[in-house]
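J.: Mind looking over this structure? Questions follow.
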Amino acid sequence: MAKRARRLGVRLRPHVKTHKCVEIARLQAPDGAITVSTLAEARFFADAGFRDVTYAFPFPPGKEEEALDIASRLESLNLLVDHPDAARRLDHSARGAGTRFPVFLKVDCGYGRAGVDPESEEAVALARLVAESQGLELRGVLTHAGHAYHARSREEILAVARRERDVVVGLAERLRADGLDVPEVSLGSTPTCSVVDRLDGVTEIRPGNYAFLDVFQSAVGSGDRRDVALSVLATVAGRYPERGEVLIDAGSLALSRDPGPTHVDPACGLGVVLPVDGDGEGRVTSLSQEHGIVRGLPDLPVGEKVRVLPNHSCLTAAAHDRYHVVEGGEVQDVWRPVRGW
Ligand SMILES: Cc1ncc(COP(=O)(O)O)c(C=O)c1O
């Protein structure tokens, strides 16, 4: 992804919500510029020496004091707004503290989750409100094409990626034509950043999942199964030959219940199961809190170890309090992620 960013002429500001782990972020972002999904991450990475942090969530009112405290330890804590009330509250707190928050206008490029409608007058009015607020500084426009996950092929992802670019660059140009300064244009998801061919007008990308990849990325065509870097080690605890199933000691709390890419592979199940020693492949077909039921590997003996490749590595990683870093079959290190909000 770093090579792609260089080739496309943009900064890589990886989203560290995928792993929430300093050691991995240092590999991805030697310049210290990252994206986070919680203020707990912002604090943790600030303490670890990261300098330039974008909290990529429309700022939740009530957390202004916490944000001011974290910002005081950073060169830049960049915040998002998609509603004037949130912008006014941030402005009020920043002015009270005698400082300014750098703010991105969050833009909806078709995902339909959060962000202003880029065609609307409200988008321009909100950008102007931010630009003219004494406690805020309009840093730029920002979008995330999460609907790229609904794609069925690289071609479909490419269409979403081009639209993601066109929408956010188009709004930046409209705002500039209206007299506003818009230094940054930020976009990105792992699917779109993995396939996009041109990013003219964009200044930075924010993919996150690419650090691990998962079954979902390989199914929609934005990653290769052989490159999935995260798995959950589990043990076969029961065999049920009459049902062709085995039981593993990894349930929904260890794997998450993400349904996976059912639109491309209706039989994808809840994770891909690979024996540590031996061949074959199974699927997790049902989960309860600590129980996982696996089909496709009925002959695995009790006591055998398996690796479960997750449907969605970000959610699976968030279920664990440490990473065992494995190379050549040996555990080389243990890395600890941040937890909480
Ligand atoms: C605002 C925002 N930016 C970037 C990302 C990273 O996308 P991905 O996980 O596809 O790499 C996400 C992921 O949810 C996000 O919500």
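J.: Which pairs have Cβ atoms under 8 Å, sit 6 or more apart or on different chains, and link a residue in segment 169-191 that is within 27 Å of THR18 (Cβ to Cβ) and more than 16 Å from the ligand (Cβ to nearest atom) to one that is open to solvent by 30 Å² or more (accessible area, probe 1.4 Å) and not polar (S, T, N, Q)?
T.: If the second residue must be open to solvent by 30 Å² or more (accessible area, probe 1.4 Å) and not polar (S, T, N, Q), the pairs left are VAL169/ASP200; VAL169/GLY201; ALA172/GLY201; PRO183/ARG139.
J.: Oh, and also: Limited to segment 12-30, what total is found for residues that are within 19 Å of ALA319 (Cβ to Cβ) and within 14 Å of the ligand (Cβ to nearest atom)?
T.: 7
J.: Okay, moving on. Does PHE50 count as part of a strand (DSSP E or B), aromatic (Phe, Trp, Tyr), surrounded by 14 or more Cβ atoms within 10 Å (Cβ to Cβ) and modelled with pLDDT of 95 or more?
T.: no
J.: (1) within 16 Å of the ligand (Cβ to nearest atom); (2) within 28 Å of ARG165 (Cα to Cα): which one isn't true of PHE50, the others all being true?
T.: (1)
J.: Just wondering, is there one or more residues in segment 263-284 that are in contact (Cβ under 8 Å) with a residue 60 or more places away in the chain and open to solvent by less than 60 Å² (accessible area, probe 1.4 Å)?
T.: Pass one, segment 263-284, residues in contact (Cβ under 8 Å) with a residue 60 or more places away in the chain: 263-264.
Still in the list and also open to solvent by less than 60 Å² (accessible area, probe 1.4 Å): 263-264.
Yes, some residue in segment 263-284 is in contact (Cβ under 8 Å) with a residue 60 or more places away in the chain and open to solvent by less than 60 Å² (accessible area, probe 1.4 Å).
J.: So, in segment 312-341, of the ones that are among the hydrophobic types (A, V, I, L, M, F, W, C) and assigned to a helix (DSSP H, G or I), which residue ends up surrounded by the fewest Cβ atoms within 10 Å (Cβ to Cβ)?
T.: The extreme case among them is LEU315.
J.: With (1) in a loop (DSSP other than H, G, I, E, B); (2) under 21 Å from the mean Cα position of the chain (by Cα) as the list, and ARG226 as the residue in question, which single condition is left unmet?
T.: (1)
J.: Scan segment 147-168 for residues that are more than 16 Å from the ligand (Cβ to nearest atom) and in contact (Cβ under 8 Å) with a residue 12 or more places away in the chain and jot them down.
T.: Listed by number, the residues that qualify are ARG152, SER153, ARG162.
J.: Scan VAL195, VAL215, VAL168 and give me the residue that is crowded, with 24+ Cβ neighbours inside 10 Å and either of a type in the set (Lys, Arg) or farther than 24 Å from VAL308 by Cα (or both). Before you say what the answer is, go through the steps one by one.
T.: Details: VAL195 fails: crowded, with 24+ Cβ neighbours inside 10 Å; VAL215 fails: either of a type in the set (Lys, Arg) or farther than 24 Å from VAL308 by Cα (or both).
Every option except VAL168 fails the conditions.
J.: Return the residue satisfying two criteria in turn: it lies in segment 193-223 and is out of contact with any helix residue (DSSP H, G or I) (no Cβ under 6 Å at 6 or more places or on another chain), in a loop (DSSP other than H, G, I, E, B) and of a type in the set (D, E, K, R), and of such residues it is nearest to the ligand (Cβ to nearest atom).
T.: Of everything passing the filter in segment 193-223, ARG206 is nearest to the ligand (Cβ to nearest atom).
J.: Find the residue count for segment 229-238, including only residues that are within 14 Å of the ligand (Cβ to nearest atom) and touching a strand residue (DSSP E or B) at 6+ places or on another chain (Cβ under 6 Å).
T.: Summing the residues that are within 14 Å of the ligand (Cβ to nearest atom) and touching a strand residue (DSSP E or B) at 6+ places or on another chain (Cβ under 6 Å) in segment 229-238 gives 0.
J.: Identify all residues within segment 1-47 that are closer than 22 Å to HIS324 by Cβ, charged (D, E, K, R) and surrounded by fewer than 18 Cβ atoms within 10 Å (Cβ to Cβ); write none if there are none.
T.: Listed by number, the residues that qualify are GLU23, ARG26.
The values are calculated or read from the model by the stated rules, or taken from the named source; none is laboratory data. Everything numeric here is computed off the predicted structure, so don't read it as measured data. Glycine also receives a Cβ, built like all others from the backbone with ideal geometry; neighbour counts cover every protein chain displayed. Surface areas here come from the heavy atoms of the whole protein model, side chains and all, with no ligands, DNA or RNA. Shrake-Rupley method; radii C 1.70, N 1.55, O 1.52, S 1.80 Å.
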